[in-house]
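The values are calculated or read from the model by the stated rules, or taken from the named source; none is laboratory data. Note that the coordinates shown come from a computational prediction; the quantities given were computed from them, not determined experimentally. Backbone-built Cβ (ideal geometry, glycine too); neighbour counts: all protein chains shown. SASA here: full protein model, heavy atoms, side chains in, ligands and nucleic acids out. Shrake-Rupley method; radii C 1.70, N 1.55, O 1.52, S 1.80 Å.
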Amino acid sequence: MTARYYIMLGAPGAGKGTQAKKLSDKLGLPHISSGDLFRHHLGAGTELGLMAKKYMDRGELVPDDVTIGMVRDRLEKEDCEDGAILDGFPRTPAQAEAIEDLASNLGGEVARALYLDVDKALLVERLSGRWMCPEGHVYHTVYHPPKKDGVCDIDGLELFQREDDKKETVEHRITVYLEQTAPLIAYYRDKGTLAAVDGDQGIEQVQQSLLQEIG
Ligand code: AP5
């Protein structure tokens, strides 16, 4: 079976993580978030995590060589043999080239790039209301509240707000996205693998639109 890699593209707060988790359950492929991988490294106090923190706190991208190496290591694990849902990677043209090579070396292909198109005004509101658990499950005070305040429905862990969800950092992350990542939309459109979905809809409607695109 050819391994299939699905790429979630979109601005900070567009809903990549939320949708990737649901797709992961539906398609039976692991959800690989580069941001979560960095946060795991940071939690474990590794050198890579401490280095990445300097960039993440400022809302800047972690250098390509470090990011590509980390994602490569993760994709080489056994649970990714049929492919993966990639969330937050690639984010630069160099990372996009890298995932083409990685996918082909692992006997697979980039099946679709799933772009969540969200109005910029909604992004800050979504991120300022976001709460997460240490395992990466995502909630929102208004749009997706946990059953019990401050506690993850799935694993019972305490929820927290991300350091880089402060308003100034969010605004800088959006600028970095527009400059460095948004050009990948045209890159995947030219390759014929782009599927653009209206990400302003509710969580379940966005998921249905994505599933229709995947077919
Ligand atoms: P990362 O963790 O990848 O953050 P991001 O891309 O900025 O994306 P977010 O996780 O903030 O948002 P999301 O689109 O996943 O939205 P979510 O589903 O949570 O990266 C963090 C940092 O790590 C980067 O700044 C960089 O420093 C570094 N990094 C990571 N990858 C890198 C790479 N490849 N190269 C270099 N550096 C890298 O949803 C947001 C909120 O909205 C939630 O509360 C959710 O409940 C709610 N919500 C979601 N969908 C809907 C909806 N349809 N309607 C209403 N509410 C919704």
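Given (1) under 26 Å from G202 (Cβ atoms); (2) modelled with pLDDT of 95 or more; (3) in contact with a strand residue (DSSP E or B) (Cβ under 9 Å, 6 or more places away or on another chain), identify the lone condition not met by K147. Here K147 meets the rest and fails (3).
Residues are listed down the side, and each one gets a yes or a no for (1) within 16 Å of the chain's Cα centre (by Cα); (2) outside any loop (DSSP other than H, G, I, E, B); (3) more than 16 Å from L29 (Cα to Cα):
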| site | (1), (2), (3) |
| --- | --- |
| L61 | yes, no, yes |
| V66 | no, yes, yes |
| M70 | yes, yes, yes |
| D73 | no, yes, yes |
| A84 | yes, yes, no |
| P90 | yes, no, yes |
| Q95 | yes, yes, yes |
| A98 | no, yes, yes |
| L102 | no, yes, yes |
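Return yes when I85 is more than 8 Å from the ligand (Cβ to nearest atom), within 20 Å of R162 (Cα to Cα) and in contact with a Lys or Arg (Cβ under 9 Å, 6 or more places away or on another chain) and no when it is not. The answer is no for I85.
Here R74, R58 are screened, and the one residue that is in contact with a Cys (Cβ under 8 Å, 6 or more places away or on another chain) and farther than 22 Å from A186 by Cα is R74.
Of all the numbered requirements in (1) open to solvent by less than 70 Å² (accessible area, probe 1.4 Å); (2) in a strand (DSSP E or B); (3) near the ligand (Cβ under 9 Å from one of its atoms), V110 misses one, and that requirement is (3). Checking each residue in the stretch 126-135 for being part of a helix (DSSP H, G or I) and either touching a helix residue (DSSP H, G or I) at 6+ places or on another chain (Cβ under 7 Å) or open to solvent by 80 Å² or more (accessible area, probe 1.4 Å) (or both) picks out L127, S128. The residues of the stretch 136-161 that are in contact with an Asp or Glu (Cβ under 9 Å, 6 or more places away or on another chain) and surrounded by fewer than 10 Cβ atoms within 10 Å (Cβ to Cβ), listed by number, are V142, K147. Close Cβ contacts (under 9 Å, 6 or more residues apart or on different chains) running from residues in the stretch 60-76 that are closer than 22 Å to L178 by Cα to residues that are of a type in the set (S, T, Y) and open to solvent by 30 Å² or more (accessible area, probe 1.4 Å) comprise L61/Y55; V62/Y55; P63/Y55.
The rows are residues; the columns are (1) without any contact (Cβ under 8 Å) to a residue 60 or more places away in the chain; (2) part of a loop (DSSP other than H, G, I, E, B); (3) within 15 Å of the ligand (Cβ to nearest atom); (4) of a type in the set (V, I, T).
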| position | (1), (2), (3), (4) |
| --- | --- |
| V142 | yes, yes, yes, yes |
| G156 | yes, yes, no, no |
| H172 | no, no, yes, no |
| E179 | yes, no, yes, no |
| L184 | no, no, yes, no |
| A195 | no, no, no, no |
| D200 | no, yes, yes, no |
| Q208 | yes, no, yes, no |
| L211 | no, no, yes, no |
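Figure legend. Inter-residue proximity from the stretch 43-55: first residues within 17 Å of R162 (Cβ to Cβ), second residues away from the ligand (no atom under 12 Å from the Cβ), beta-carbon distance below 9 Å, spacing 6+ or different chains. Indicated pairs: G43/P134; G49/G43. In the stretch 47-80, the residue that is nearest to the ligand (Cβ to nearest atom) out of those that are open to solvent by less than 30 Å² (accessible area, probe 1.4 Å) and of a type in the set (A, V, I, L, M) is V62. Residues of the stretch 29-46 that are within 21 Å of H172 (Cα to Cα), among the small types (G, A, S) and open to solvent by 40 Å² or more (accessible area, probe 1.4 Å): none at all.
Taking the stretch 162-202, which residues are more than 20 Å from G13 (Cα to Cα) and open to solvent by 70 Å² or more (accessible area, probe 1.4 Å)?
R189, D190, K191
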